[in-house]
Amino acid sequence: MRISLRTNYGIRLMINLARNFGQGYILLKDIAKWENIPEKYLSLIVIPLKSAGLLNSVRGPRGGYMLSKPPGDINIKDIMSSLEGELNFFKSRDTNFRESERWSELIINALWADLNKKIIKYFNSTSLEDLIKKYDKNNKRIPIIYDI
């Protein structure tokens, strides 16, 4: 199982916006600089996030991006789904008992399907706010809020 670079960068972008939630719009070039991610790549990532209703944007000198709702209301599954489509971490053949006489094939497919459900459930129950709180708790330090 691998998480794409696009999704990794997308979650990092959203974490930055979550950490600065309520402080106004943030320029993409600033996030690109803070995260050392090419601005052009981030500009492609914001499109599906905005289409999914996770981001708001404003053009102009005081423009930029912000979360469309509080960080506690945006879960990781929503971010990943907007960037990757349907989440399916393990591929299994579509088989049923009539098509396969191998019990092991049916069992392993059930194993992967069960694990996939658990991973999706975890991402669905983990919000941006949860990630930030967990990081702050584990590192016992105040998050860096960038001067805008």
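Numbers at a glance
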| item | result |
| --- | --- |
| More than 28 angstrom apart: percent of Cα pairs within segment 5-139 | 30 percent |
| Inter-label distance for Gln23 and Arg62, nm, one decimal - labels placed 7 Å from Cα along Cα-to-Cβ | 1.8 nm |
| Relative contact order [Cα under 8 Å, 6+ residues apart], segment 5-139, whole percent | 28 percent |
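Laboratory data are not the source of any read-out in this text; all were calculated from the coordinates shown. Owing to the predicted nature of the structure, the values given are computational and were not obtained by experimental measurement. FYI the Cβ positions are ideal-geometry reconstructions off the backbone, even for glycines, and counts take in every protein chain you see.
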